[in-house]
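The values are calculated or read from the model by the stated rules, or taken from the named source; none is laboratory data. Note that this is a predicted model, so its numbers are computed, not measured. Neighbour counts run over all protein chains shown; Cβ positions are idealised from the backbone, glycine included. Side chains included, ligands, DNA and RNA excluded: accessible areas come from the protein's heavy atoms. Shrake-Rupley method; radii C 1.70, N 1.55, O 1.52, S 1.80 Å.
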Amino acid sequence: MARYLHRDGHLEASLPELQAKLIHTMRSQPGDWGDPTATLQVRCIELHSYAVGGGLTTPGHRDNGSVLTMSILLSHPRDVRGGEFVTYMEGLPIVHTPSRGGGLLIHSEKLHNVAVVSHGLRHSLVIELWAQVRNTRSRFA
């Protein structure tokens, strides 16, 4: 299940300092994140929740149209089994197991998945930035 926190500027209105800090953190990380002169705006800010049996297992999943994606684990790892964030390098899976509050910043076009949850409830905050105008509607609008 996904809740769209960017819709109508909800997160920005509720917790403006938090949103600003998260966006700044994404933009300021060292690395090759594409054109440094591109102005990146919020495409979506989503709260993802996966119960037992849930995950993002779509083969070849990527966040088409976005530039940067950050996923922050909100659940405590001791409360969840499964639900690992997986990226791929040369076709091989790389499993990421951040601590609570830890995150992963990737190029949005990089293949990624979330493994099926076998115990507990996995919550994460996902932010995508893109090179278009700030989105305050549905992710797909």
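Give the peptides 124-132, 54-62, 71-79, 13-21 in descending order of average Cβ contacts within 10 Å, highest first.
On the way: 124-132: 20.0, 54-62: 13.1, 71-79: 15.9, 13-21: 11.6.
Result, highest mean Cβ count within 10 Å first: 124-132, 71-79, 54-62, 13-21.
Calculate, in nm to one decimal, what residue 95 and residue 10 gain on full extension: separation in residues at 0.36 nm each, minus their alpha carbon distance. Kindly include the intermediate steps, with their values, before the conclusion.
Working: separation 85, 0.36 × 85 = 30.60 nm, distance 3.19 nm.
Separation in residues times 0.36 nm, less the Cα-Cα distance, equals 27.4 nm.
First compute the accessible area of the stretch 62-119 with a 1.4 Å probe, then give the percent of it belonging to carbon and sulfur atoms.
Carbon with sulfur: 56 percent of the solvent-accessible area.
Ordering 50, 88, 4 from largest to smallest accessible area (1.4 angstrom probe), what's the sequence? Don't skip to the end; give the middle numbers.
Values: 50 30, 88 70, 4 90 Å².
I get 4, 88, 50, largest accessible area first.
Give me the number: length gained by fully extending residue 62 to residue 1, i.e. 0.36 nm times residue separation minus the C-alpha to C-alpha distance, one decimal in nm.
20.2 nm
If you scale each eigenvalue of the Cα gyration tensor by 5 and take the root, what three semi-axes come out for the chain, rounded to whole angstrom and sorted largest first?
Result for the chain: semi-axes of 24, 18, 14 Å.
Using just the Cα positions, wrap the stretch 11-76 in a convex hull and report its mean projected area in square nanometres, one decimal place.
6.4 nm²
With a probe of 1.4 Å, find how much accessible area the chain has per residue, and write the answer as a whole number in Å².
On a per-residue basis, the chain sits at 57 Å².
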